[in-house]
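Engineer: Pasting a structure here, questions to come.
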Amino acid sequence: MSFSKLLRRCSRTVRLQPAKAWIVLSSLLLINIFFLYLLSAHPSPWVTKHGSFVPRGLGRGRGEGACGPLRFADPPLPVTALASVPGSGNTWLRHLLQQATGIMTGSMYNDSTLYTSGFPGEGVNNGSVLVVKTHSSDPEVRGQFRRAILLLRQPHAAILSEFHRQHGGHLGHASRQHFDEDWETFVPEEARFWRVFNTEWLQFAGPLHIVCYEDLRHDLNSTLSKLLGFLNVPVDRKDFECALRRSRGKFKRRDKSGRASENHSLSEVFTRDMKRIIGESDVKFHEELKKFYHRRSTWLDPDA
């Protein structure tokens, strides 16, 4: 049999109706996109250089209420960690920094929801972005950064916020069933993680700037100004004022009038034993924080 006849026979065996062909091609495309997304779920050289596999057209620049277009830093900046326990407001602070500076913020992770909603630097972890989000305190991770920002939030609030995120997404809330099933074991584990994570970042070898979530909420102007001074990037006054006006951002979970869920008040979700465990973690961390500030004052003034 000649090659041309064989080719015609093969082509007949794979010929599909147009509708079926479209279904097959669409399925193959979706499968490829899915596996590309899985490949970009963790930092890699490709993602670090090029960012997420999500199509660029899906990004929205600065998102809703934008102050202006976003750009990569040029020349590159010192690689700077934005370290926090999950639930501490990391995404909100990234939004504020992007609005004020016009420079993209990056991440050690690749959250496609964030990427398509105003964080086009998601998945990038080099000096082309202003800061790099991380929820890890491992020495290997800390060693990748030249400077760091440690974002602190009161442990009760951080633990509750992360519980809502795990069960309700970036903007949703955990249900009563989630509280009944998972809350009792979640709190002690997160309380310990909160203490260990923040304590380990106090050991960071490079310049470290500490920001409190509560200060951002109650004195945004001063707190953000000090942080931008630490980052040492030029900020236009109009952009800074725009960032203050549009400070809320898209991924700041709406408060439920002091309630932890539809069926629980804040006082109900934290039992006496939970409050004791969290309180002990808080006290131990603040002891380490005092030591940190004492070391810093000694560096600045050897006679202190």
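Just so it is clear, none of the values below were taken in a lab; they were calculated from the coordinates. Computed from a predicted model, the values in this text were never measured in an experiment. Virtual Cβ from ideal backbone geometry, glycine too; neighbours counted across all protein chains shown.
Engineer: Which FRET efficiency value, to the nearest 0.05, do you get for Arg146 and Arg176 by plugging their Cβ-Cβ distance into 1/(1 + (r/R0)^6) with R0 = 35 Å?
Structural biologist: About 0.15, to the nearest 0.05.
Engineer: Tell me, in nm to one decimal, what length is gained between Arg245 and Val233 on full extension, where the rule is 0.36 nm per residue of separation less the Cα-Cα distance?
Structural biologist: 2.3 nm
Engineer: OK, next. Report the extension gain between Lys290 and Val196 in nm, rounded to one decimal, defined as 0.36 nm multiplied by the number of residues separating them, less their alpha carbon distance.
Structural biologist: On the way: separation 94, 0.36 × 94 = 33.84 nm, distance 1.54 nm.
That works out to 32.3 nm of additional length.
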